[in-house]
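Working notes, beginning with the structure itself.
None of the figures in this text is laboratory data; all of them are computed from the coordinates on show. Computed from a predicted structure; not experimentally measured. Counting neighbours? That spans all protein chains shown, and the Cβs are built from the backbone with ideal geometry, glycine included.
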């Protein structure tokens, strides 16, 4: 049986959100403390983006719950993700993203190690 400090439950509707960093981007924390993974729910308004490419250490996994997301890796590899699609990449690769849908895009985004 796991010790209580190994369990993190955040009930529906009580996920803390980051202060807005980019226009049209809402990020909710899906975990209460950071160990080896950082788990978020991103809500992106139409046209919202990373506002440029960036890199960092680690690995990333995302899963699109609703809408569409365009990911660009290395400046020349384009991926159009749709509802139900999952995507993994190494964070050291220059990457950028934007909501390419006409409505809100919602996705789960996991980084390891914790990045933000």
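Here are the numbers for this structure:
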read-out	value
Count of the range 28-49 residues which are assigned to a strand (DSSP E or B) and either over 19 Å from residue 94 (Cα atoms) or free of Cβ contacts under 8 Å to residues at least 40 places away in the same chain (or both)	9
Residue count, the range 52-79 (criterion: surrounded by 12 or more Cβ atoms within 10 Å (Cβ to Cβ) and in contact with a strand residue (DSSP E or B) (Cβ under 6 Å, 6 or more places away or on another chain))	18
Sole residue being in contact with a strand residue (DSSP E or B) (Cβ under 8 Å, 6 or more places away or on another chain) and either closer than 17 Å to residue 113 by Cα or surrounded by 14 or more Cβ atoms within 10 Å (Cβ to Cβ) (or both), chosen from 41, 82	41
